[in-house]
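Values in this text are rule-based calculations from the coordinates and carry no lab data. All values derive from a computational prediction rather than experimental measurement. Methodologically, a virtual Cβ is constructed for each residue, glycine included, from the backbone with ideal geometry; neighbour enumeration extends over all protein chains shown.
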Amino acid sequence: MPVKKGAQIAPAKGKLGVLLVGLGAVSTTFIAGVEAIKEGLAEPIGSLTQMGTIRLGKRTDNRVPKIKDFLPLADLKDLVFGAWDIFPDSAYEAATHAGVLEKELLEKLRKPLQKVKPMKAVFDQNYVKRLSGTNVKKGKNKLDLANQLIAEIAEFKRKNKCARLVMIWAASTEIFMTPHAVHRNLKSFEQAMRDNHRAIAPSMIYAYAALKSADADEDDHRARSKGAHAGPARLVFDKHSRQSRRRSA
């Protein structure tokens, strides 16, 4: 398949909301790192976007700008964090429990970390056997839980005046599941959520909520673009596997 050339990349204007599913060791280290960089307490060591480079042309051309200078990426100062977790602890309390970061650094970041308080999570112990928590959503079925997430995503975007949103899965790895007939299309998937089908795991509910929220933003953009040209707010779901941990959504 030929590679499309000359693609237009819209500039990253406004605030970028980062919604984390799970507020444990990985998420709190991520948030603390960004906040430490904002405060001038640390350098973005290990960050591909902030310190990584890209080679342009031939090696002999010596054109190796930083990725952040080559692509219109969001500035770290424009990142706003939100999260869901099965424990009600703030990011500061969660980071303290995780024990990854130095206490001295955590104290300097106490104020911004305490502001990040997790929303109630969509959680089912059938999918993560060794975890349990009290900060968990209740609903008549899985579709109801998804709609609660969609409402929270919209409220987070409005309250924090975000132009764009991204969702990152940072919760514990769920049990292995094979594809099921209910996954074939949107209609069967939504009916399965209404029926509380076991083939619909919490991670799928978050993915559904993210995608539906992105669709809503696109519809809103189309409506607004008829009278004024404004960039659409996009929401992406990024799921990656990792080892189980004590804290998770």
Fill in the blank from the handout: Relative contact order as a percentage, the range 69-177, C-alpha pairs under 8 Å and 6+ apart, gives 27
Completion exercise
Taking TRP84, TRP169 and counting other beta carbon atoms within 10 angstrom, the fewest-first order is TRP169, TRP84
Exercise for the section: Would you please put 176-182, 138-144 in order of how densely packed they are, using the mean number of other Cβ atoms within 10 angstrom per residue and starting with the highest? Expected result: 138-144, 176-182
Problem - Cα pair distances exceeding 23 angstrom across the range 100-220, given as percent - result: 42
Exercise for the section: With θ set to phi - 60°, apply the Karplus curve 6.51 cos²θ - 1.76 cosθ + 1.60 along the range 181-198 and write out the HN-Hα couplings as whole Hz, x wherever there is a Gly or Pro. Expected result: 4, 5, 8, 5, 8, 5, 4, 5, 5, 5, 5, 5, 5, 5, 8, 6, 5, 5
Handout entry: Whole-Hz ³J(HN,Hα) from phi, Karplus 6.51 cos²θ - 1.76 cosθ + 1.60, for the range 59-64, glycine and proline x
Key = 4, 6, 6, 6, 10, 9
Handout entry: Principal axis box of the range 42-147, alpha-carbon based, largest edge first, Å
Key = 62, 39, 26
Exercise for the section: In nm, give the distance between the simple-model label positions of ASP195 and GLU102, each being 7 Å from the Cα along the Cα-to-Cβ direction. Expected result: 5.6
Fill in the blank from the handout: The set of residues whose placed amide H lies less than 5 Å from the amide H of ARG63, leaving out same-chain residues fewer than 5 positions away, is LEU56
Problem - Neighbour-count ranking [beta-carbon atoms within 10 angstrom, fewest first] of LYS68, LYS129 - result: LYS129, LYS68
Practice task
List every residue whose amide H lies under 5 Å from the amide H of VAL80, counting only residues 5 or more places away in sequence or on a different chain, with H placed 1.01 Å from N in the peptide plane.
Solution key: LEU16, GLY17, VAL18
Fill in the blank from the handout: Between MET119 and residues 5 or more places away or on another chain, the pairs with built amide H atoms under 5 Å apart involve ALA83, TRP84, ASP85
Handout entry: Rounded, prolate or oblate (a/c below 1.5 giving rounded, otherwise prolate when a/b exceeds b/c) for the range 85-162 by Cα gyration tensor
Key = oblate
Exercise for the section: Arrange the following residues from fewest to most other Cβ atoms within 10 Å of their Cβ: MET193, MET167. Expected result: MET193, MET167
Completion exercise
Note, the range 35-50: 3J(HN,Hα) by Karplus (6.51, -1.76, 1.60, θ = phi - 60°), whole Hz, Gly/Pro = x, goes 5, 5, 5, 4, 7, x, 8, 7, 9, x, 4, x, 8, 4, 6, 8
